[in-house]
Amino acid sequence: MLASRRWWTSSTLPDQTNHAAVSGGSGWALARYVFAATLVRSADGGAVVAIGLLAHTSGHPGWVAGLLGAAITAPHLLGPFIARRLDTATDGRKVIALSALAHGALLGASGLLLPVTWALVPAVLLIVSGLFGPMLTGGVSSRLPSIAGPSQRSQRRAQSWDVASYGISGTLGPAVVASIAATTGPMAATLILAAAAIIGAGAVLALPRQAPVTDPGAVPSPARTLVTIWRSGPLRRTLTLTVVVAFSVAALPIYAVAIAPSLGSAALAGTLVAGYGVGNLVGSALLMVWPLRGDADKLTTLLAAAVAVTLMVVIPMPNLTAALIAFTLAGVANAVFFAATLAARSEYAPDEARGQVFIWVGALKIAAGSAGTATAGALIGGVTWMPVAAVAALSALAALVCGIERSRTT
């Protein structure tokens with residue numbers, strides 16, 4: 001079994017730590033990281049909205065737009081099976097940059113072809129494009145530990161910036177795409193996203209270089225990496241809680257749609273979801289000022305329980321103001337939890353499989369979110385609050401089980 005370690009505790013920085021971090025230049029390196037990460041993740045996060053709008057304006061039925069969106073997101077599950085290249089490459093920046101370039105080129109091509117050809121053709125291009133998505137999320141995050149600096153505080157602060165990058169690209173990105181589509185058209189929005197990915201590829205190459213693993217033969221296969229995650233208590237708990245919380249918070253948009261009419265208007269669903277997104281950004285901003293402290297394994301358990309509490313708080317809100325505050329608090333809790341999972345991945349992932357660990361957890365998180373949305377949609381037809389109550393209980397149970405397991409092994 002591969003050994004994991006908390007690498008900042010060593011008196012000597014590991015070989016992979018770049019010169020910028022050692023010499024105090026990590027602030028500029030981190031700024032470049034956030035710029036690159038936000039660009040490529042915006043292209044990934046906004047693609048579903050852009051393609052869906054483009055399909056609608058091109059005269060395709062709603063089910064085609066849905067399938068095209070799935071063509072982008074579903075291949076993320078296959079990401080871990082191409083992630084080994086990231087850990088074996090002599091320069092991982094090139095792998096991520098090529099992924100961003102391919103993602104942008106294929107997204108742009110599919111957008112140009114969608115109005116003039118059968119939907120199957122752009123769908124195939126989008127499937128291939130989606131394969132590179134995990135490189136733009138977890139793959140990029142795997143570069144952060146060697147950029148942020150050697151101390152735990154600098155690592156945790158950098159992870160808060162990473163959470164902000166996810167929040168901006170996942171929350172504001174689709175909103176910007178919708179705004180561009182409303183003014184200039186969905187084709188322009190799609191091509192702007194494609195350009196963002198291509199520009200982001202260049203920004204990735206400008207990041208500090210991270211030294212490769214000394215022996216590429218020591219890098220495990222994707223299946224072996226997943227086994228390693230499961231055999232490592234901290235990584236197993238991180239993966240479990242990440243998947244459960246992603247499944248749980250995915251119920252919130254469905255719940256927002258269900259309760260919005262009772263709050264005054266069906267359109268208020270967007271306001272509630274936006275409140276959740278703002279909460280994510282507020283959470284990351286708070287972490288920049290007050291970085292997480294303490295053991296990452298313990299933090300993930302406690303913060304998963306905090307997410308469960310905020311989900312329960314969402315249910316009894318009697319009016320729009322109270323509901324908006326509750327959705328925002330849920331976003332804050334999820335952002336802080338996410339930062340803890342990034343810390344756990346950074347601190348417990350073995351060097352020879354760091355990229356694969358990040359991508360495995362990220363890919364399964366996306367799959368869990370999709371499953372959570374589908375499950376909430378299936379349950380919402382009965383009692384409106386039932387899906388949120390069920391996922392809140394699930395998150396609380398997972399946190400309790402992981403907490404008991406951790407106490408027995410420490």
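Things to note:
- Global size of the stretch 16-217: 17.5, 56 Å for Rg and Dmax (C-alpha atoms, Rg to one decimal, Dmax whole).
- In the stretch 147-274, Rg over Rh equals 1.06, where Rg is the alpha-carbon radius of gyration and Rh the Kirkwood radius from pairwise Cα distances.
- Only Lys, Arg (+1) and Asp, Glu (-1) charged, at Cβ; the chain dipole about Cα centre in debye: 640 debye
- ³J(HN,Hα) computed for each position of the stretch 386-403 - Karplus, 6.51 cos²θ - 1.76 cosθ + 1.60, integer Hz, glycine/proline x: 4, x, 5, 4, 5, 6, 4, 5, 5, 5, 5, 5, 4, 5, 5, 4, 5, x
- Equivalent ellipsoid of the stretch 211-328: semi-axes from √(5λ) of the C-alpha gyration tensor, largest first, are 37, 16, 14 Å.
- Cα-centred dipole magnitude for the stretch 16-217, charges only on beta-carbon of K, R (+1) and D, E (-1), debye, nearest 20: 420 debye
- Computed helical MRE - 222 nm, the chain, DSSP H runs ≥ 4 contributing -39500 (n - 2.57), nearest 500: -24500 deg cm²/dmol
- A straight chain from Trp290 to Thr321 at 0.36 nm per residue would run longer than the Cα-Cα distance by 8.4 nm.
- Calculated from the alpha-carbon coordinates, the chain shows an Rg and a Dmax of 20.6, 62 Å respectively.
- Under the convention that each Lys and Arg Cβ holds +1 and each Asp and Glu Cβ holds -1, the size of the dipole of the stretch 220-410 around its Cα centre is about 300 debye.
- Fewest neighbouring Cβ atoms within 10 Å first, the residues Arg293, Arg41, Arg156, Arg84 line up as Arg293, Arg84, Arg156, Arg41.
- Between Gly69, Thr90, Leu324, the Cα set farthest toward the positive side of the dipole of the chain (charges on each charged residue's Cβ, about the Cα centre) is that of Thr90.
- Sequence of Asp87, Asp44, Asp215 once ranked by neighbouring C-beta atoms within 10 Å, starting from the fewest: Asp215, Asp87, Asp44
- Computed extension length for Ile404-Leu113: 99.4 nm, one decimal, from 0.36 nm per residue of separation with the Cα-Cα distance subtracted.
- Rough spin-label spacing in nm, given labels placed 7 Å along Cα→Cβ, for Ala206 and Ala188: 2.6 nm
- For the stretch 220-410, the orientation-averaged shadow of the C-alpha convex hull comes to 10.9 nm² (one quarter of the hull surface).
- Relative to the current alpha-carbon distance between Ser179 and Val227, full extension at 0.36 nm per residue lengthens the span by 12.9 nm.
- Remark: the stretch 255-267, residue by residue, has Karplus-estimated 3J(HN,Hα) of 5, 4, 4, 5, 9, 4, x, 6, 8, x, 6, 4, 5 Hz, where x stands for each Gly or Pro and the curve is 6.51 cos²θ - 1.76 cosθ + 1.60 at θ = phi - 60°.
- Equivalent ellipsoid dimensions for the stretch 69-151 as semi-axes, Å, which come from the Cα gyration tensor, largest first: 29, 12, 10
- Packing here is the average count of other Cβ atoms within 10 Å per residue, and on that basis the peptides 184-192, 140-148, highest first, run 140-148, 184-192.
- Alpha-carbon centroids, the stretch 346-410 and the stretch 245-279: separation in whole Å: 20 Å
Computed from the coordinates by the stated procedures, all read-outs in this text should not be read as laboratory data. The model shown is predicted, which means the values in this text are computed figures rather than measured ones. Here the Cβ is made from the backbone with ideal geometry for all residues, glycine too, and neighbour counts use every protein chain on show.
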